[in-house]
Structures are given as structure tokens and as C-alpha cells.
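Notes for the one structure printed next.
Any read-out appearing in this document is the output of simple, stated calculations on the displayed coordinates, not a laboratory observation. None of these values were measured; they are calculated from a predicted model. Positions of Cβ are backbone-derived with ideal geometry, glycine not excepted, and every protein chain shown enters the neighbour counts.
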Amino acid sequence: MKKIVKYGILIFLFSALIGYFIGKFYPMILGKKDSDTSTNIAGDTTKAENSEEAVLETSSLEEKLLPTATLSLEKKYEDCKHTEIKQSELPVEMSNLTEDEVKEKYPDWTIKEFSKDAVTLYKLMDGLCSEHFVINSTDGIVTVYRLNENYDKTLYEKTEIYTEYLSEEDVRRLEEGIYVYGASSLNSILENFE
């Protein structure tokens with residue numbers, strides 16, 4: 001039994017050696033050289049007859065937005081100097097766009113960050129951000145208005161707080177208008193009136 005295993009191993013090694021030599025020297029027997037093959041390959045890749053083809057090939061390697069990417073819109077307001085950042089899922093029409101295509105599609109925005117997973121667009125805005133409020137009294141009730149970027153007031157909330165129960169100082173301040181930034185500050189002031 002030991003002889004069979006020994007002869008089997010020898011036959012296997014001999015076959016492998018013959019296969020190696022045939023693979024290595026067979027092209028030489030047919031008249032082909034390894035160096036000719038590598039020269040042809042190198043020669044074909046260095047000669048780009050049509051430069052548009054080369055550009056098209058490299059442009060397909062540009063990074064594109066994945067459908068699962070996130071979109072961040074960053075707006076900085078000149079008057080109040082506040083920055084609003086809103087994040088959302090990427091709209092379908094932005095999916096698979098390159099950075100250049102995003103620049104072309106949204107020329108009013110500056111690309112602050114671009115990767116396949118996220119894009120951040122930045123824009124400088126006039127006026128105020130959407131977190132500015134003014135608290136007044138209307139018909140004896142404390143009323144909250146939101147200021148838009150043009151300083152126009154829009155009704156935000158009509159509270160159930162009556163001015164007849166407030167101090168004279170608070171009533172005077174409400175008549176002049178109490179300007180507030182941020183929802184937490186707004187809620188704090190309204191709680192003080194209750």
C-alpha cells in the first residue's frame with residue numbers, strides 16, 4: 001500500500017512539472033514571445049486615438065449620489081446672521097447625479113459637501129430666518145406672530161392668556177411687541193405670562 005501512495009505522489013509531481021514546462025515554453029515553440037504580448041498590450045493602451053472616448057471612460061468613474069443619500073440645505077440669513085440646516089432624504093431627481101450635474105441643476109446654491117452618501121447645499125439669504133417671533137396683545141389676548149424673511153407678520157398662535165391678568169409692565173411690553181428668537185425662548189416667555 002505504501003508503494004502505491006509513493007508512486008501516486010511521484011506521478012502527480014511529474015505531471016505537474018510537465019504541465020509547467022508546457023505552459024511556459026509552448027508559446028515559444030509556436031513562435032510567440034511573452035515580451036511581444038506585453039508590448040502589444042502596452043502599445044494599445046498608450047495610443048488613444050480618440051480623446052473623447054478617454055474622457056467618457058473617466059467620467060463614468062465620477063462619484064454619483066446614491067438613492068439612499070441625504071440632502072442638507074444650509075441657509076445663512078444676512079440680517080439675523082443665523083443659519084438654518086434642514087436635512088431630508090434625497091429627492092428622486094437628484095439620484096445618480098454627479099457633482100457637476102448638481103451644480104448645473106441648482107445654480108443658485110453652492111455645494112459645501114459632496115459624496116456618494118450625502119450632499120450639502122449652501123445659500124446666503126436676505127432677511128430673517130424662520131425662528132423669529134413677535135408677541136403682541138390682540139383684543140386682550142396674548143398673540144404670537146412669526147416674522148418671515150421680509151419682516152412680515154403671520155399668525156403663529158393665539159394663546160388663551162388674557163392681558164387683564166398681566167402686570168402693567170407686561171401689557172406695555174406686549175403693546176410694543178416682544179421680539180423673540182427660537183421656539184424655546186418663546187415658550188419660556190409664554191410660561192411666565194401664565
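Pairs exceeding a 19 Å alpha-carbon distance, out of Lys86/Lys123; Lys75/Lys158; Lys64/Lys105: Lys75/Lys158.
Each Cα pair under 8 Å and six or more residues apart adds its separation to the average, and for region 72-146 the resulting relative contact order is 34 percent. A full extension of the chain between Val92 and Asn148 corresponds to an added length of 17.2 nm, given 0.36 nm per residue minus the alpha carbon distance. Packing, taken as the mean count of other beta carbons within 10 Å per residue, orders the peptides 103-116, 140-153, 3-16 from highest to lowest as 140-153, 103-116, 3-16.
Excluding Glu131 itself, calculate the net charge of residues whose Cβ lies under 9 Å from the Cβ of Glu131, where each Lys or Arg counts +1 and each Asp or Glu counts -1. Here the charged neighbours net out to 0.
Under a model in which nothing but the beta-carbon of Lys, Arg (+1) and Asp, Glu (-1) is charged, region 61-194 shows a dipole of about 300 debye around its Cα centre. Shape class for region 63-194, computed from the alpha carbon gyration tensor (a ≥ b ≥ c): prolate, with a/c not under 1.5 and a/b above b/c.
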